[in-house]
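Colleague: Let me give you the structure first, and then I'll get to my questions.
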Amino acid sequence: MCTGSNAPRPALRTFATRVRASMLVKIVSPLIVALIVGSVVTALYAGWLSGRPSPSEISATDLLVLGLLLVAAAVALSWVTVRMVTRPLRVLSATARQVAAGNLDAHFVHGSNDEIGQLASALETMKLEVRSQLEIIGSQADALQEASLRITSARDEERRRLARDLHDGLQQQLVVLQIGLGMAADRVGRDPAAARATFAELGAEIERVLDRVREVSHDLYPSVLRDLGLTSVLRSQAGRIPITTRITTDPHPLPRLARDIESSAYFILSEAIANVLKHAQASEIAIALAIEEQRLTITVSDNGVGFQREADANGHGLTSMDDRIRSLGGDLFITSGGAGTAIRASLPLDPRRVPLSSRQSGDVLPGIEQVLAETAGAGVFVGREREIETLRNLFEEAAAGQGRMVLLSGEAGIGKTRTANELATYASSRGAEVLVGRCYEGGGAPAYWPWIQVLRAYVRGRDPAGLAALMGPGAADISQILPELSRRLGGTTAPAVNDPRQARFRLFDSITSLLRNAAAARPLVVILDDLQSADTSSLLLAEFLAGALEGCRLLVVGTHRVELSPAHPLEKTLAALRGEAATTIALPGLGEDEVARFMEVVTGARPTESVLSAVYRQTEGNPLFVREVVRLLAAEGRLEGEGEDQPAACDLDLPETVREAIVRRMDHLSPACNDVLAVASAIGREFDLAVLQRVSGIPVHRVSAALEEAVAARVLVELPTAMAPGGSYRFNHTLLRETIYGRLAPRRRHRLHRRIAEVLEELYSDDLDAHLAELAHHYEAAGRGRAGTRAIDYAARAGERAASLLAFEEASCHYERALRSLGGNRRRREAKVPEPRRCDLLLALGETQWRAGDTPRARQTFTEAASIARSLHDSNRLAAAAVGYGEGSGAYEFAEGADDILVGLLEEALAALESWRPPRSSRRHRRAAGEPPQATTARLRVKVLARLAVELYYTDQVQRRAALGQEAVQLAQALGDPAAQLIALYGRFRSVLGPDALDERLAAAEEIVRLGEEIGDRETASRGRHLRLVTLLERGDRAAVDEGTEAWVRHAEELRQPLLRWQVLSFKTMISLLEGRFADGEAFMKEALKT
């Protein structure tokens, strides 16, 4: 039986409100009134006339008076009508003139919601948008003016420098030539031999002057740039660079470009190269030019020492470089760290193309900063033209308001992350904000880890007031997984939601609303990397978000491996997202031509056909495999030489797998570097420098040297300091970490994991909650014994924390880990597992399983817990297992019949609570929790009584279920516990269903509403309102039903919970069908099914 509410009166009121708000009604209403008044006056006048002796006595004066009365009424009412329409229009017109004159503080105001009111609202919105755009244009103009002044100042300084060069250099040399020519002329007649010698010296000096003139001319505008183009002048300049230089262009050769674009690109490259030579201490430099999407992209990267941009920007000429780029409408991105420096400039070939937003100069957002750092450390990117084009088109569609989710799939090492990073770089250059969430592949990450990273990146550095406006009431929900948000906003009130599934819906809805609101301000790209390592709760949130992307400027990109097991959580998510919800792009291996381009860029020479064929055949174009093979061969010196000088394919000795290639390449690193990498691999894919130093016990300078070597070898990438102030690194690919970790001996693994856990306890002793899952993972990996005991403790605590964060699937995993560790200790000690501890873990596991919606597994778990409680003769644990078995979906709703197993368990638990004494271990456990054993037992008894009363509804034990419900209420009232009273009242309401107890049921429902409101449990109060309306309807009190329905609908909408909305729509369906309004009933039913 499903119940809900129809609300005819609110519907009529809504219709009446819309009618009253209509301007047409406001115009027509006076005319109707006029017609009625005129008719009445006319009738009265006609009656007066008819009272005369004869109608023939009606004079022309009488008719004239009647006509004048009607005309006067018409004129008066017309004047009223015209004034009603024209007065607000005049006010709006006056305001519009003020705005047109530049007064953007004037407000378009109209008191009603009629057509003129809607016009005023639209004009106000337009004015606010215009003011916002003017502010953006003003800030851009100010920035451009500042840049223009700096460019002018730089140009003046350059002119002064040129004047000094001409005065101090060329002018002095010309004066010397002039004097020399005079001396030579005097000597021609007197001493011809001396004159010839003087002419020879003057000839050499003339050559020096010409060289100097060429240098000055080249600095001003190289003739080769004018004659042959950017590529030629760049290769000419590369010949004078004293370090290894690699140049790539795409397309090859690069076509000629506009003069201002080529000259700007040349000076940008010159400044960047000069910075490398002066400051970087680099041994190689890579220069890449590419034309894509009507933009010229210039990338200059080196393997030097890096720099701090804030401290060194002026000294490195970056400000003038940025000014030059911005004057052409371009963007400049800079990342620098242990892997060297990468400078990427993007110039529009068509200056009329305008970016999507007004990102200020030099702004590098946290998300794109991480992407650029990883891109700089990953090396060359080739191929994927078709996939990149598709991704860019999807981004442009999303930026235009057609939000989408994209899934990049492929085998390990195929380039999913790198492809997503290339999209992120493009999106950032088009004005979008990029947020990145990396799933942790090493184990031990907290619930919602990728989403926590995304939210932290967005929240970082933003104004608290603006954040509060964007999040609204959802801030309290988001603070549950992001505690620092509550501190930033000055505290938030935790939402009171009884049903955990509804609480999770609120959390998902709040995060989705935040991202949609953020995307309204500027296009947003969210990257979720390595989804195969995500926790189930994170995957469910991704599914939820995918269904809410329509109409927003948000692009969600997920990457994942293929060939997962059918039971993998991601498979269920992929099945849910197939079709219109997400676009899947499968990444194949690189083609043979692309492998050739990669090898040419890395080695500086094009490989022979035989070498290329051998590498391509062995790697099948897997980019990671290709990269590791090429680097291995280069490290072993087997790719030296060009053309026929390269070794034959049969002499290459290529590794058979990517893991073998990684192992062989690691052998070329120093023993100290390999030792540090081994420790790092046990910590995880990402690791902090502080943890690494403490765990390894290696002196700081040796750790730093080893990390520099690993970064130079592109095994590691140093993360930006904004993301990890203490210093943090990341393995370039998960296969690198897995391969290095796989070489560790088991005993060394155990020691490392134990030491890592101890270091984490030391470092984070003030805030262990955020690291509980990580500690549980490392202690479990450390083996059994004392480490196993701590693994159990931390896994149980991690389960509790995950459940409090509404990550019920993740909580179940932690409890299962604790049970595994408990069983492992049993095998090691060859002793009996502590059964009370095992029973408690099973009870906690069962609760999280039913909260996650897995009722069948939850019942299996509670059955096992009941068996252990039976063997312990523990009545409290048996009662908890019985009640848990009866929880889950529909526990207190209507079913087809009684569950015999549940009834048996509840009867057994009730008898045990009456006759068994709680074991001593159980009493100690309850006292430690701060609650008397008697209170615990009484509370459990209330739950057993109430649940048994509900289940017996489906039997003929009418009197017994009524007695059980009554006893539950009395016991709960004696306890004085509102939560226990609510459970008892639910049981009592269900135990006395029928026409003979309507008053008692109504009292129970009203008490549920009162208690729910009293303790702040608005969800329970809403359900109490539902029960009250059902009872009132059974009593036939339609007036009370209509009045209560309106309040219930409003209350349910405020809670934003699908279950409550479904109940409302079901009630409305029932009312509509009862009243014969079948069309309305069908509409409500369809809406309920959608909910």
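Values in this text are rule-based calculations from the coordinates and carry no lab data. Just so it is clear, the model here is predicted, and its values are computed rather than measured. Heads up, the Cβs are rebuilt from the backbone with ideal geometry, glycines too, and the neighbour counts pull from every protein chain shown.
Colleague: Output ³J(HN,Hα) for segment 568-574: one whole-Hz value per residue in order, computed from phi by the Karplus curve 6.51 cos²θ - 1.76 cosθ + 1.60 with θ = phi - 60°, and x for Gly and Pro.
Modeller: Going residue by residue, I get 5, x, 5, 4, 5, 5, 4 Hz, with x marking Gly and Pro.
Colleague: Here's a follow-up. Non-local amide H neighbours of Leu744 (under 5 Å, H modeled in plane, Pro and chain starts lacking H): which ones?
Modeller: The list, which skips near neighbours in sequence, is empty: none.
Colleague: Assuming 0.36 nm per residue, please report the length gained on full extension of the stretch Arg702 to Asp260 beyond their Cα-Cα distance. Walk me through the numbers before you get to the answer.
Modeller: Details: separation 442, 0.36 × 442 = 159.12 nm, distance 4.90 nm.
Net length gain for the segment: 154.2 nm.
Colleague: Okay, next question. At a 10 Å Cβ-Cβ cut-off, how would you order Phe333, Phe544, Phe731, fewest neighbours first?
Modeller: Details: Phe333 21, Phe544 16, Phe731 25.
By the 10 Å Cβ count, ascending: Phe544, Phe333, Phe731.
Colleague: Could you put Ser538, Ser867, Ser765, Ser1066 in order, starting from the residue whose Cβ has the fewest other Cβ atoms within 10 Å? Write out the running numbers ahead of the final one.
Modeller: Values: Ser538 26, Ser867 14, Ser765 8, Ser1066 20.
Going from least to most buried by this count: Ser765, Ser867, Ser1066, Ser538.
Colleague: When Thr584, Thr608 are ordered from fewest to most other Cβ atoms inside 10 Å of their Cβ, what list results? Kindly include the intermediate steps, with their values, before the conclusion.
Modeller: Details: Thr584 15, Thr608 18.
The order, fewest Cβ neighbours first, is Thr584, Thr608.
Colleague: To the nearest 0.05, what FRET efficiency results for Ala96 and Ala586 with a Förster distance of 56 Å applied to their C-beta separation? Working shown, then result.
Modeller: Numbers: r = 55 Å, r/R0 = 0.99.
Efficiency, rounded to the nearest 0.05: 0.50.
Colleague: Express in whole angstrom the spacing between the alpha-carbon centres of segment 405-476 and segment 730-767.
Modeller: Cα centroid of segment 405-476 versus Cα centroid of segment 730-767: 25 Å apart.
Colleague: Shape verdict for segment 748-833, please, from the Cα gyration tensor: rounded (a/c under 1.5), prolate (a/b greater than b/c) or oblate. Please list the in-between numbers first.
Modeller: Details: a/c = 2.31, a/b = 1.15, b/c = 2.01.
It comes out oblate by the Cα gyration axes.
Colleague: Restricting to Cα pairs below 8 Å that are 6+ residues apart, what does the relative contact order work out to for segment 748-833? Please round to a whole percent. List each step's numbers first, then the result.
Modeller: Working: 105 pairs, mean separation 21.5, N = 86.
Relative contact order for segment 748-833 comes out at 25 percent.
Colleague: Hey, another quick one. Give me the distance in nm between label points sitting 7 Å out from Cα along the Cα-to-Cβ direction at Ala468 and Tyr764, one decimal.
Modeller: Those two pseudo-labels are separated by 3.0 nm.
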